[in-house]
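The structure appears right after this line, and notes come after that.
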Amino acid sequence: MTDKQAKLEIGTDSLDLPVLQGSCGPDVVDIRKLYGSTGKFTFDPGYKSTASCESALTFIDGEEGVLLHRGYPIGQLAENSSFMETAYLLLNNDLPSQGELDDFTYTISRHTMLHEQLMQFYRGFRRDAHPMAIMCGVVGALSAFYHDSTDISDPDHRKISSHRLIAKMPTIAAAAYKYSIGQPFVYPDNSLSYTGNFLRMTFGVPAEPYEVNPVVEKALDRIFILHADHEQNASTSTVRLAGSSGANPFACIAAGIACLWGPAHGGANEAALNMLKEIGTPDRIPHYIERAKDRNDPFRLMGFGHRVYKNYDPRAAVMQKTVREVFDSLGVKDPVFETALQLEEIALNDDYFREKKLFPNVDFYSGIILSAIGFPTTMFTALFALARTVGWVAQWNEMISDPGQVIGRPRQLYTGPTERDYLSMDKR
Ligand code: SDX
């Protein structure tokens, strides 16, 4: 709370509203008593000026391109941490000791298997079902298997549900991929790391041993860190809104997966690589730049722009660096990467993109490296969902454990017909 007040004057009425201050970032005007005092709502479609909650998990400064998880900069976490350590950080208040990290990693590894009945679920899908459709269905169905941990008022239930969701997402995502290519499911091997286990379940086959490539394992683990959490983005807000009704965590995460799938959100990584492949060679870039600038053309540069970042997305910088490291290490030369670098260079020097502050976001480069590792584009958003489950679960826990938590229920500006009498058919 600050001693600052905002004075709202509507006609002859005036209302003093408290101004609240966080530990960093913009102050907020507390309008909770606005409707009760004035009979008026605020109006903010897309919530561009609205803080929906108080949170201590992730801070973003869009102007400065800053992203902190519990105060730690994303670049330092990507360089020095692991996805399991970052998951612990988001779920708790600080980085773990070695013993705490070992215990957390062991606990997660003990929940990697799915109920065998759930593996039958996949057979109900067509082989060409999009992995995100499968993820929505299978994750939503988890609540049918874990009635022993859906009492969200019980902290122990919340904890085991959180661990189950984080642990099972790699198994669910890998099985969606295996099902799509007609290969048998590969069960978890808990002697491997979280990310190594996922790589083996995805690319291993029962017919021969699978060696995890440490360069790929480290790069993918870093990609998971970059996607772990991101303040109150659309899918996280979906999880919070679903959770505010008391829905079980499995249903809430399934709602988040559904929202993430959209091409304006997590689906952009798949769309960005498809766009880069459509552009093909650098000489075709100017044509697509002009299309992106044409307001009459729905085409947008996928992987560019962001609601919050009006400077470079710090995750995109780490992603580009990781692409170079992996390609150098694997001796990969991908013309699509060259096209992406040139597209970025041209766009960042174009007045339209500079005026509208459109920079590459986390989705611009991720597809290039995921494709090089061997994932089909249809799996990209499933990988985003796998990683973001950590953030969704942490944000859900933060909301549910807030004693002041209430069901989310926005209002509206009604512009439909005013009251009128029903007309019988002969009078219409
Ligand atoms: C993610 O919120 C998060 O934190 C999300 C995320 C996370 O980690 O959870 O960071 C992950 O979703 C990243 C964003 C991935 N999406 C894309 O890459 C899709 C392409 N980008 C756009 O659709 C758009 O930039 C959004 C959706 C990301 C942001 O949209 P906004 O904030 O509503 O901005 P806007 O659509 O109002 O755009 C402002 C202007 C518009 O022009 P005018 O109407 O003012 O003339 O910029 C233009 C837009 O037309 N514009 C683009 C553009 N993005 C915005 N023009 C060309 N290409 C683009 N990519």
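The values are calculated or read from the model by the stated rules, or taken from the named source; none is laboratory data. Bear in mind that the values here come from a model prediction, so they are computed numbers and not experimental data. All Cβ positions, even for glycine, are placed from backbone atoms using ideal geometry, and neighbour counts span all protein chains on display. With ligands, DNA and RNA removed, areas are computed over all heavy atoms of the protein, side chains included. Shrake-Rupley method; radii C 1.70, N 1.55, O 1.52, S 1.80 Å.
Under 20 Å from Ala394 (Cβ atoms) and of a type in the set (Gly, Ala, Ser): does that describe Ser161? Even if it seems obvious, please write down each step before you answer.
Details: under 20 Å from Ala394 (Cβ atoms): yes; of a type in the set (Gly, Ala, Ser): yes.
Yes, satisfied.
Out of His157, His163, one residue alone is open to solvent by 30 Å² or more (accessible area, probe 1.4 Å), part of a helix (DSSP H, G or I) and either of a type outside the set (Asp, Glu) or out of contact with any His (no Cβ under 7 Å at 6 or more places or on another chain) (or both). It is His157. Within segment 56-78, can you find the residues that are within 27 Å of Ile400 (Cβ to Cβ) and of a type in the set (S, T, N, Q)? Thr58 - this is the single residue of segment 56-78 that is within 27 Å of Ile400 (Cβ to Cβ) and of a type in the set (S, T, N, Q). Only one of the listed residues (Ala242, Ala247) is of a type outside the set (S, T, N, Q), without any contact (Cβ under 8 Å) to a residue 40 or more places away in the chain and not in a helix (DSSP H, G or I). That residue is Ala247. All of (1) over 21 Å from the mean Cα position of the chain (by Cα); (2) not in a helix (DSSP H, G or I) hold for Phe104 with one exception: (2). Could you go through segment 72-95 and let me know if any residue there is surrounded by 20 or more Cβ atoms within 10 Å (Cβ to Cβ), hydroxyl-bearing (Ser, Thr, Tyr), in contact (Cβ under 8 Å) with a residue 40 or more places away in the chain and within 13 Å of the ligand (Cβ to nearest atom). No, the conditions are met nowhere in segment 72-95. Restricting attention to segment 360-368, does a residue exist that is on the phi < 0 side of the Ramachandran plot, hydrophobic (A, V, I, L, M, F, W, C) and away from the ligand (no atom under 13 Å from the Cβ)? Yes: one or more hits.
Just one of the listed residues (Ile369, Ile407) is open to solvent by less than 10 Å² (accessible area, probe 1.4 Å) and touching a residue at least 24 places away in the same chain (Cβ under 8 Å), namely Ile369. Listed conditions (1) in contact (Cβ under 8 Å) with a residue 60 or more places away in the chain; (2) buried (at least 16 other Cβ atoms within 10 Å of the Cβ); (3) not hydroxyl-bearing (Ser, Thr, Tyr) are all met by Gln320, apart from (1).
Mind checking which residues of segment 43-71 are surrounded by 13 or more Cβ atoms within 10 Å (Cβ to Cβ) and farther than 20 Å from Pro314 by Cα? Across segment 43-71, the qualifying residues are Tyr47, Thr50, Ala51, Ser52, Cys53, Ser55. Scan segment 267-292 residue by residue and report those that are modelled with pLDDT under 90 and either within 7 Å of the ligand (Cβ to nearest atom) or aliphatic (A, V, I, L, M) (or both). Correct list: Ala268, Ala271.
Residues of segment 117-133 that are assigned to a helix (DSSP H, G or I) and under 10 Å from Ser180 (Cα atoms): Tyr122, Pro131. Taking each residue of segment 331-356 that is open to solvent by less than 60 Å² (accessible area, probe 1.4 Å) and looking for partners that are among the hydroxyl-bearing types (Ser, Thr, Tyr) with beta-carbon atoms closer than 7 Å, six or more apart or interchain, yields Thr339/Thr281; Ala340/Tyr365. When segment 11-29 is filtered for residues that are surrounded by 14 or more Cβ atoms within 10 Å (Cβ to Cβ) and over 25 Å from His69 (Cα atoms), the ones remaining, listed by number, are Leu15, Leu17, Pro18. Restricted to segment 250-266, and to residues that are in a loop (DSSP other than H, G, I, E, B), near the ligand (Cβ under 10 Å from one of its atoms) and touching a Ser or Thr at 6+ places or on another chain (Cβ under 7 Å), which residue is most open to solvent (accessible area, probe 1.4 Å)? If we take residues in segment 250-266 being in a loop (DSSP other than H, G, I, E, B), near the ligand (Cβ under 10 Å from one of its atoms) and touching a Ser or Thr at 6+ places or on another chain (Cβ under 7 Å), then His265 is most open to solvent (accessible area, probe 1.4 Å).
The condition of being over 17 Å from Gly256 (Cβ atoms), of a type in the set (A, V, I, L, M) and surrounded by 19 or more Cβ atoms within 10 Å (Cβ to Cβ) holds for only one of Leu220, Leu241, that being Leu220.
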